[in-house]
1. From Cα coordinates alone, what are the radius of gyration and Dmax values for the range 33-101 in angstrom?
2. List the relative contact order of the range 1-79 as a percent without decimals, with contacts defined as Cα pairs under 8 Å and 6+ residues apart.
3. Can you tell me the FRET efficiency between Ser17 and Ala67 if r is taken as the Cβ-Cβ distance and R0 is 25 Å, rounded to the nearest 0.05?
4. With a point put 7 Å past each Cα toward its Cβ, work out how far His75 is from Glu34 in nm, to one decimal.
5. As a check on your grasp of the helix formula, calculate [θ] at 222 nm for the chain: sum -39500 (n - 2.57) over DSSP H runs of n ≥ 4, divide by the residue count, round to the nearest 500.
6. Given +1 on the Cβ of Lys and Arg, -1 on the Cβ of Asp and Glu, and no further charges, what dipole in debye does the chain carry about its Cα centre, rounded to the nearest 20?
7. Helix 52-72 versus the longest principal axis of the chain: what angle, 0 to 90°, nearest 10, using Cα atoms?
8. Considering only DSSP beta bridges where both residues belong to the range 13-97, give the percentage that are antiparallel (nearest 5).
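What follows is calculated from the coordinates using simple rules that are stated; it is not laboratory data. Note that this is a predicted model, so its numbers are computed, not measured. Cβ: placed from backbone, ideal geometry, glycine included. Neighbour counts: every protein chain shown.
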Amino acid sequence: MTHRVRTAADFARIVRSGARSGRRNVVLYGSRTEESSPSRVGFIVGKNVGNAVTRNLVKRRLRHASAEWVVAHPHGYDVVVRALPAAADSDWPALRKDFTGSLAAVVRRLDGSDTAERQGRVS
């Protein structure tokens, strides 16, 4: 439970700041946190994705993919995953590929900007 984004304020902060990357099935928003704080993931699966059964299936699949990622990156990131309508018709491998691809792009951008800040190139 410590790896979940829960409050509306946290969702808004993550979506508005940091990095963003989108694919056919998902859009990911990410921001860096303190290295001591646990990585957290939140999900937005709106009604445009489908009925309740479909939305829950998509959310379960994304939650499973994010759990694997959190094991590898247990500290320092906040991520919000927005499922797009195409996710309803996507199979598990395609959804997972879009999730991991977007997440890798977000992490790359966040880590690249942190490196630039540490070296004094970005103010």
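1. 12.7, 38
2. Values: 91 pairs, mean separation 30.8, N = 79.
Worked out over the range 1-79, it gives 39 percent.
3. Details: r = 24 Å, r/R0 = 0.97.
E between Ser17 and Ala67, to the nearest 0.05, is 0.55.
4. Label at His75, label at Glu34, 1.1 nm between them.
5. Calculated at 222 nm, the ellipticity per residue is -16000 deg cm²/dmol.
6. Details: 22 positive and 11 negative charges, 78 e Å.
The dipole of the chain has a size of about 380 debye.
7. Taking the Cα atoms of the chain, the angle to 52-72 is about 30 degrees.
8. Of all bridge pairs located within the range 13-97, approximately 70 percent are antiparallel.
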